[in-house]
1. Can you run down the residue pairs with Cβ atoms below 9 Å, 6 or more apart or on separate chains, where the first is in region A:49-73 and in a strand (DSSP E or B) and the partner is acidic (Asp, Glu)?
2. Just name the residue that is modelled with the lowest pLDDT out of those in region A:26-39 that are exposed (fewer than 15 other Cβ atoms within 10 Å of the Cβ) and more than 20 Å from A:Leu10 (Cα to Cα).
3. Please specify each residue of region B:42-82 satisfying the condition of being loosely packed, with under 13 Cβ neighbours inside 10 Å and either of a type outside the set (D, E, K, R) or touching a Gly at 6+ places or on another chain (Cβ under 6 Å) (or both).
4. How many of the residues in region B:55-66 are modelled with pLDDT of 95 or more and closer than 14 Å to B:Arg30 by Cβ?
5. Determine, yes or no, whether A:Gly101 is touching a residue at least 40 places away in the same chain (Cβ under 8 Å), at positive phi and touching a strand residue (DSSP E or B) at 6+ places or on another chain (Cβ under 9 Å).
6. I'm trying to understand the selection: among the residues of region A:74-108, which are part of a loop (DSSP other than H, G, I, E, B) and within 14 Å of another protein chain (Cβ to nearest Cβ)?
7. In region A:6-48, what residues are without any contact (Cβ under 8 Å) to a residue 24 or more places away in the chain and in contact with a Pro (Cβ under 8 Å, 6 or more places away or on another chain)?
8. Please go through region B:8-31 and give me each residue that is within 13 Å of chain A (Cβ to nearest Cβ) and of a type in the set (Val, Ile, Thr), ordered by number.
Amino acid sequence: GEDVEQSLFLSVREGDSSVINCTYTDSSSTYLYWYKQEPGAGLQLLTYIFSNMDMKQDQRLTVLLNKKDKHLSLRIADTQTGDSAIYFCAEWWGKLQFGAGTQVVVTP
Amino acid sequence: KAGVTQTPRYLIKTRGQQVTLSCSPISGHRSVSWYQQTPGQGLQFLFEYFSETQRNKGNFPGRFSGRQFSNSRSEMNVSTLELGDSALYLCASSLDWTGQGQSPLHFGNGTRLTVT
C-alpha cells in the first residue's frame, strides 16, 4: 500500500468533539496508530489499535476501526486548545506507513 | 523515564558535505528506527536497527546509512549532501523489534537538517 489518506484540515470549537478520519490501504495491516505532532516537536504516540478490535477508548480518545472499509477514526472528546496539532494515522505493514496528517485547529 | 534524545537539534551543512545524526533510545528499548519528514513527501521510513543489525530498509539511496551500538544508541549518516536532503530527521525507539507492529514507536524531537 502506498497512500494512507487523511483530510488535511479540521477546525473545531473548544469543548466540542473532534473526529479525524483516515483510510488505510492494506487489509493485512496488523496495527494502526495515531500520532500527534505539535510545532517544532516530534511525534507523540496517542494510541493504537490491533486489527481484531473495533474500538478502543483511552480517556478522551476513542478509536474506531472498520476493517471492511479500511477506515480508521480518532474521536477527541471535549477538545481543548492544547489539542491543536497535526494528527497522523499510520498503518503497520513491515514499517509504519503514515498519512499526510490532519491539521486540527481549535478555536475558542 | 527520559524519552528519545536526538542530537544535534539543528544542523546547517553545505551541499557535498556529510553529516552524522545521533539518537539515544528510551532506556531499555532495543530497536531504533529512522524517518525523514519533509513538507513534500511527508514521513518516509529510512531504516530500523535491532541488536546492532539493520532489520529493515526504506527506499533511500546508499548515501543514507546508519548503525546501532551495543548500548542501543544509533547514528545516521548522510554523505554527499544534496539540497533535497533538507528535512526533519526523526528517530524512534521501541522496546523490541517492531516485527508485526506490536511494539509501538516512540519518537524523539528530531534533528532539523538544512543543506545550503
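The values are calculated or read from the model by the stated rules, or taken from the named source; none is laboratory data. As the structure is a computational prediction, the values presented were derived from the model and not from experiment. Reconstructed Cβ throughout: ideal geometry from the backbone, glycine too, with neighbour counts over all protein chains shown.
1. A:Leu64/A:Asp54; A:Leu65/A:Asp54; A:Asn66/A:Asp54; A:Leu72/A:Glu91
2. Residues of region A:26-39 exposed (fewer than 15 other Cβ atoms within 10 Å of the Cβ): A:27-28, A:38-39.
Subset that is more than 20 Å from A:Leu10 (Cα to Cα): A:27-28.
Details: A:Ser27: 73, A:Ser28: 77.
Here the answer is A:Ser27.
3. B:Ser51, B:Thr53, B:Asn59, B:Pro61, B:Gly62, B:Phe69, B:Ser70, B:Asn71, B:Thr80
4. 0
5. Values: touching a residue at least 40 places away in the same chain (Cβ under 8 Å): yes; at positive phi: yes; touching a strand residue (DSSP E or B) at 6+ places or on another chain (Cβ under 9 Å): yes.
Here the answer is yes, as A:Gly101 does meet what is asked.
6. So in region A:74-108, the residues part of a loop (DSSP other than H, G, I, E, B) come out as A:77-80, A:84, A:93-95, A:100-101, A:108.
Within region A:74-108, A:Trp93, A:Gly94, A:Lys95, A:Ala100, A:Gly101 meet the criteria.
7. A:Leu45, A:Tyr48
8. Within region B:8-31, just B:Ile26 meets the criteria.
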